[in-house]
Ligand code: MG
């Protein structure tokens, strides 16, 4: 029996030995699935303990579409006007890393910030979708850290370099399919200390609206991720720090800041 899309579950991608698999996480146990959550898949009779695998980024996006200045207080703290339409930029696929991976502090920058964000994982090809139908194109939701070289963002005037370094797009630990995207708490912790606390009910442009907007600019492909913007409280990270993005019920995305050497 194969199962169609929009099941209620936590999808994970993981490495076990030399194999990479998709699975469904339930408590501390992963059940392997054959196929992909983006097409048809079938749960199989193979189980692993979460502690025995290496979780990977839960999918491989062709692109990450990120929204700038989508929380009022963050726009204010940035000294930027609130955009009338969503301000979008791209993070390259090569910036993706998974849970527990290292964020490399680039030699070019001396100010690297965390930005905890609610991430949307596209489930099927989306082009010119309306806000009303936008959620039909979503597989689920994830935690994302829009790591940003703040000094370079100011210097360049556009954001490709500041947002595009390798390792600057950690996301995970899973894709949660059962969640209200209009009311999700987003928290960022640095070395265990709460630094950002927001909720998607404060978004200037809602999840439905940003999916629709982005799909009127570019085709969204299965596995593409939309980073919906960060709440206020952004700040710097240093080599040796541990950064966590927590969104319940998705879980915690944890990463470590390391020097390029
Ligand atoms: Mg951001």
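Kindly state, to the nearest 0.05, the FRET efficiency for residue 136 paired with residue 219, given R0 = 25 Å and r defined as their beta-carbon distance.
It comes out at approximately 0.95.
Starting with the highest mean, order 114-123, 248-257 by the number of other Cβ atoms within 10 Å, averaged over the residues of each peptide.
Per-residue Cβ counts within 10 Å, averaged per peptide and sorted highest first, yield 114-123, 248-257.
Between residue 197 and residue 252, what length in nm is gained on full extension when 0.36 nm per residue of separation is reduced by their alpha carbon distance?
18.4 nm
Given 5 Å bins starting at zero, what is the percent of C-alpha pairs of region 37-152 in each, up to the one with the largest pair distance?
Calculated P(r), rounded to whole percents: 2, 8, 14, 20, 18, 15, 11, 7, 3, 2, 0.
Order of 10, 163 from fewest to most other C-beta atoms within 10 Å?
10, 163
Under 8 Å for C-alpha pairs, at least 6 residues apart: give me the relative contact order for the chain, rounded to a whole percent.
Averaging sequence separation for qualifying contacts and normalising by length gives 25 percent for the chain.
When the C-alpha atoms of region 193-261 are aligned to their principal axes, what extent does each axis show, in angstrom, from largest down?
Sorted largest first, the three principal extents are 41, 30, 22 Å.
How much length is gained if the chain between residue 259 and residue 108 is pulled fully straight, taking 0.36 nm per residue apart and subtracting their Cα-Cα distance, in nm to one decimal?
Once the chain is fully extended between residue 259 and residue 108, it gains 53.2 nm.
Residues of region 52-84 with amide nitrogen under 20 Å from the 7 Å Cα-to-Cβ point of residue 39?
58-63
Mind sorting 187, 46, 176 by how few other Cβ atoms lie within 10 Å of their own Cβ, fewest first?
46, 187, 176
If you build a Gaussian network model of the chain, linking Cα atoms that sit under 10 Å apart, which residue out of 155, 135, 90 swings the most?
Looking only at 155, 135, 90, the biggest GNM fluctuation is shown by 155.
Considering all alpha-carbon pairs of the chain, what whole percent are spaced by more than 27 angstrom?
The proportion of pairs with Cα distances above 27 Å equals 32 percent.
Test of understanding: in a Gaussian network model of the chain with alpha carbons linked when under 10 Å, which of 181, 236, 58 would top the mean-square fluctuation ranking?
Residue with maximal mean-square fluctuation among 181, 236, 58: 236.
Could you list 51, 259 so that the one with the fewest beta carbons within 10 Å of its beta carbon is first and the one with the most is last?
51, 259
With n ≥ 4 as the cut-off for DSSP H runs, can you work out [θ] at 222 nm for the chain, using -39500 (n - 2.57) per run divided by the number of residues, rounded to the nearest 500?
For the chain, the value works out to -2500 deg cm²/dmol.
Sorted by packing (mean other beta-carbon atoms within 10 Å per residue), highest first, where do 214-221, 147-154 land?
In decreasing order of mean packing, 214-221, 147-154 become 147-154, 214-221.
Where a number appears in this text, it was derived from the coordinates with a stated rule and is not lab data. Computed from a predicted model, the values in this text were never measured in an experiment. Positions of Cβ are backbone-derived with ideal geometry, glycine not excepted, and every protein chain shown enters the neighbour counts.
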